[in-house]
Amino acid sequence: MFASRFAPALRALPRQASAVRMARRGYAEAADGKLQLSLVLPHQSLYSSAGVIQVNIPAATGDMGILANHVPSVEALRAGVVEVIEENGQAGKKWFVSSGFATVHANNTLTINAVEAYPLDTFSAENIRSGLADANRVLSSSAPESEKAEARIEVEVYEGLQAALAK
Amino acid sequence: MSSTWREFMSWNKYTQIASRALRQALTETDRVAAEKRAAIGVRYQLWENGQSGEQNYVVPPAKESGSGTPPV
């Protein structure tokens with residue numbers, strides 16, 4: 001009697017468990033469990049829903065590393081390096097980004113919209129140095145505060161570039 | 001250092017300034033291509049009673065373009 005009552009419950013259980021398992025799988029979750037990255041500029045699409053392992057972004061609130069199934073977030077970016085690790089163990093590919101937004105969506109996708117992004121080897125240390133000198137000159141002059149605010153932005157970009165190239 | 005740019009400008013302008021600074025840090029060949037992409041020209045035209053006025057540039061271009069075809 002006990003066994004007969006128990007047997008139907010046992011038979012129902014595996015079906016229930018598989019239904020729960022199916023419900024947990026997200027719509028856009030790839031079988032390989034990778035984060036879907038779209039890194040786009042106005043003139044070019046660097047990544048278009050490509051599966052990657054990890055993306056490091058320079059958020060205005062601090063540097064962040066985004067892995068698969070990250071909680072949905074919206075982060076404004078500052079001038080800094082975006083590093084994309086496509087496969088486990090591979091070195092990350094780096095771009096220096098001027099500004100933009102990074103949005104993690106609920107379906108395991110990350111969209112980074114940036115205005116300008118270039119690989120680190122396309123920069124000239126000489127141009128960075130002269131740009132930084134010009135910006136510092138404005139900062140130390142008696143220009144109005146709005147111009148000094150613009151110079152401070154440029155200083156942030158150039159110093160970030162120098163730090164990124166020095167690594 | 002707190003970001004003081006928010007007192008003076010919108011995020012759009014902040015982004016344009018940062019992007020301009022970044023383009024100036026490129027090597028010469030990449031920089032030429034980037035500057036060409038980055039140039040934004042805006043023309044406006046006032047309409048009154050269904051009649052168009054004169055087309056004016058918001059910021060006049062420095063050089064005359066040879067062909068005279070309007071920017072897209």
| field | Candidate set: the range A:117-167, residues that are under 20 Å from B:Ser10 (Cβ atoms) and touching a Leu at 6+ places or on another chain (Cβ under 6 Å); chosen: the one surrounded by the fewest Cβ atoms within 10 Å (Cβ to Cβ) | value | A:Lys148
| message | For the structure I just gave you, tell me whether A:Pro42 is at pLDDT 95 or above and within 14 Å of chain B (Cβ to nearest Cβ). | response | no
| request: Run down A:Asn56, A:Asn88 and say which single residue is in a loop (DSSP other than H, G, I, E, B), polar (S, T, N, Q) and in the same structural domain as A:Pro42 (by the TED database). | output: A:Asn88
| query | Filter the range A:59-80 for residues that are in a strand (DSSP E or B) and closer than 15 Å to A:Thr111 by Cβ; which is nearest to the other protein chains (Cβ to nearest Cβ)? | reply | A:Ala76
| said: Every residue in the range A:81-100 that is more than 9 Å from chain B (Cβ to nearest Cβ) and either among the charged types (D, E, K, R) or free of Cβ contacts under 8 Å to residues at least 40 places away in the same chain (or both), please. | reply: A:Glu83, A:Ile85, A:Glu86, A:Glu87, A:Asn88, A:Gly89, A:Gln90, A:Ala91, A:Gly92, A:Lys93, A:Lys94
| message | Condition check: more than 21 Å from B:Ala21 (Cβ to Cβ) and touching a Ser or Thr at 6+ places or on another chain (Cβ under 6 Å). Does A:Val74 satisfy that? | response | yes
| request: Considering every residue within the range A:109-130, establish whether at least one is within 22 Å of the chain's Cα centre (by Cα), outside any loop (DSSP other than H, G, I, E, B) and free of Cβ contacts under 8 Å to residues at least 12 places away in the same chain. | output: yes
| remark: Residue count, the range B:23-47, condition in a strand (DSSP E or B), more than 8 Å from chain A (Cβ to nearest Cβ) and surrounded by 10 or more Cβ atoms within 10 Å (Cβ to Cβ), comes to 3
| message | Please pick out the residue among A:Leu161, A:Leu165, A:Leu139 that is within 9 Å of chain B (Cβ to nearest Cβ) and part of a helix (DSSP H, G or I). | response | A:Leu161
| request: Take A:Ala106 and decide whether it is of a type in the set (A, V, I, L, M), in contact (Cβ under 8 Å) with a residue 24 or more places away in the chain, on the phi < 0 side of the Ramachandran plot and in contact with a Pro (Cβ under 9 Å, 6 or more places away or on another chain). | output: yes
| Can you name every residue in the range A:72-103 that is crowded, with 22+ Cβ neighbours inside 10 Å and of a type in the set (A, V, I, L, M, F, W, C)? | A:Leu77, A:Ala79, A:Val82, A:Val84, A:Phe96, A:Val97, A:Ala102
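The values are calculated or read from the model by the stated rules, or taken from the named source; none is laboratory data. Not measured: the values here are computed from a predicted model. Ideal geometry is used to build each Cβ from the backbone, glycine not excepted, and the neighbour counts take in all protein chains shown.
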